[in-house]
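Notes follow the structure.
The values are calculated or read from the model by the stated rules, or taken from the named source; none is laboratory data. What you see is a predicted model, and the numbers here were worked out from it, not measured in a lab. Backbone-built Cβ (ideal geometry, glycine too); neighbour counts: all protein chains shown.
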Amino acid sequence: MFEQSFKNIDNILHTDSGCGTELDYVEQTSWILFLKYLDDLEETKKAESKLAGKEYEYILKPEFRWDNWACPKTEDGKLDHHKALDGDDLRDFVNDKLFPYLKQFKAEDPNTIEYKIGEIFSELKNKLVSGYKLREILNTVDKMRFRLYEEKHELSHLYEAKIAKMGNAGRNGGEYYTPRPLIRTIVKVVDPKIGETIYDGACGSAGFLVEAYNYLTQNQAKLSSSQMTTLQNNTFYGKEIKSLAYIIGIMNMILHGIEAPNIRHMSTLAENINDIQEKDRYNVILANPPFGAGIGREIQQNFPIKTGETAFLFLQHFIKILKAGGRAGIVIKNTFLSNTDNASISLRKLLLESCNLHTVLDLPGGTFTGAGVKTVILFFEKGAPTKKVWFYQLNLDRNLGKTNALSEKDLAEFVELQKDKKDSENSWSMDTSTLSLSNGFDLSVKNPNKNDEVILREPREILEEMRELDQESKGNLKKVGQIFK
């Protein structure tokens with residue numbers, strides 16, 4: 001229904017001087033889609049109120065509703081060209097009136113639509129320079145509907161495709177996108193249940209929360225109305241600092257059927273982990289926190305183990321905010337397992353002593369498009385120390401990249417063997433009784449079943465070749481000498 005519409009929108013954005021990258025395309029499409037979704041939501045709630053004999057109170061003032069500024073209609077349902085703004089008039093209205101109005105929405109509860117409106121438009125800008133092109137996009141989006149399951153289902157797939165494209169676009173696009181086959185595998189292993197709370201403190205495009213929702217709804221024969229209410233309102237929680245990622249995450253969850261995602265627009269690391277109380281904790285944590293050094297000292301003061309590495313601060317946060325008995329699947333740089341600096345050693349000690357790190361999945365390079373780092377997945381349960389770690393090294397017979405991405409089939413053996421922690425050519429176990437401060441709690445991935453030794457030649461062969469090369473060199477020097485006589 002909507003595939004061509006998405007293509008048309010991208011083509012229009014491509015020709016506008018204000019939009020130069022895939023990130024811009026997704027950002028600009030997202031805020032327009034959100035306002036169309038908001039209009040459909042208001043009309044649905046109005047109809048529900050009417051059936052209940054109540055008066056519906058609109059969230060937006062009349063002049064800022066979709067049918068008044070974006071696509072006013074004539075009585076026969078066609079675009080009213082006399083009322084519809086266009087060109088500079090439309091662009092100026094959006095920049096000078098619409099965005100300032102939407103920015104002033106404030107609410108404490110992230111579950112409310114008012115919170116989402118204020119946070120989405122607090123930092124975003126309309127980047128379309130041409131009001132005429134904006135008019136074309138509005139007309140295209142106006143034909144989209146968010147009311148039927150089939151409509152949302154198709155839109156969710158198209159939107160995911162846009163996010164994936166953005167993740168492959170280079171620059172910093174990859175930070176918003178974790179390969180979905182990997183996410184689905186992590187969710188399978190962690191195995192969340194309905195009634196548990198699921199949290200991602202660096203949720204980006206909300207891939208983990210969306211796939212957890214899909215897992216919970218697809219693995220149930222039929223959900224009761226109370227179970228659906230639990231999934232909609234009391235299951236998925238996230239935090240995201242970047243405005244672009246925030247709106248992408250919100251739209252992604254809405255399109256996948258989670259109408260009231262509890263995502264806060266804030267810096268997770270700005271919270272002192274000593275302030276986390278039992279009421280703040282979650283049953284399940286699924287996350288791919290950002291990597292990179294350079295976190296300032298003022299942020300590091302919020303953590304007992306001081307480090308400038310972003311992911312290591314996030315890991316401390318996740319351990320603290322996980323409930324006792326809670327389960328986690330976290331992506332992290334593989335250097336975490338063996339770094340010899342004090343922070344890394346202290347963090348490994350904390351993890352091994354306060355949690356059962358039962359599984360480590362070692363991923364090949366190229367798993368994350370455009371990322372130059374190798375990663376591992378840490379699977380752990382909080383509340384008991386680690387006695388044994390099961391490692392699985394994903395060894396593929398091909399190089400991963402844009403045109404050769406990771407698939408669920410690649411991870412099938414891992415999922416099967418992980419159930420019983422079986423040893424194989426690619427998997428083995430480590431007894432943690434051998435680990436101590438003296439060896440830095442080193443968890444390096446060293447596959448004992450992989451014979452990587454290169455068979456060396458006999459010394460006699462090497463000496464014979466050296467003599468031959470020596471004779472050849474002498475002959476060449478003799479020839480050169482004769483030339484210059």
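Checked against (1) assigned to a helix (DSSP H, G or I); (2) more than 28 Å from residue 240 (Cα to Cα); (3) at pLDDT below 95, residue 38 passes all but condition (2). Is one or more of the residues making up the stretch 309-328 closer than 18 Å to residue 183 by Cα, part of a strand (DSSP E or B) and under 19 Å from the mean Cα position of the chain (by Cα)? Yes - at least one qualifying residue is present in the stretch 309-328.
Conditions tested, residue by residue: (1) touching a residue at least 24 places away in the same chain (Cβ under 8 Å); (2) of a type in the set (Asp, Glu); (3) touching an Asp or Glu at 6+ places or on another chain (Cβ under 7 Å).
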| site | (1), (2), (3) |
| --- | --- |
| 43 | no, yes, no |
| 53 | no, no, no |
| 65 | yes, no, yes |
| 68 | no, no, no |
| 71 | yes, no, yes |
| 76 | no, yes, no |
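When the residues of the stretch 428-468 are filtered to those that are at pLDDT 90 or above and hydroxyl-bearing (Ser, Thr, Tyr), the one that is nearest to the chain's Cα centre (by Cα) is 429.
Would you confirm whether any residue within the stretch 42-56 is surrounded by 13 or more Cβ atoms within 10 Å (Cβ to Cβ), over 30 Å from the mean Cα position of the chain (by Cα) and not in a helix (DSSP H, G or I)? Yes: the stretch 42-56 contains one or more residues that are surrounded by 13 or more Cβ atoms within 10 Å (Cβ to Cβ), over 30 Å from the mean Cα position of the chain (by Cα) and not in a helix (DSSP H, G or I). Could you say whether any residue in the stretch 389-406 is surrounded by 14 or more Cβ atoms within 10 Å (Cβ to Cβ) and basic (Lys, Arg)? Scanning the stretch 389-406 turns up no residue that is surrounded by 14 or more Cβ atoms within 10 Å (Cβ to Cβ) and basic (Lys, Arg). Checking 103, 61, 127 one by one, the residue that is basic (Lys, Arg) and surrounded by fewer than 14 Cβ atoms within 10 Å (Cβ to Cβ) is 61 and no other. Each residue in the stretch 7-23 was checked for being in a helix (DSSP H, G or I) and at pLDDT below 90, and 2 pass.
Inspect all residues belonging to the stretch 116-134 and state whether any of them is in a helix (DSSP H, G or I) and among the β-branched types (Val, Ile, Thr). Yes, some residue in the stretch 116-134 is in a helix (DSSP H, G or I) and among the β-branched types (Val, Ile, Thr).
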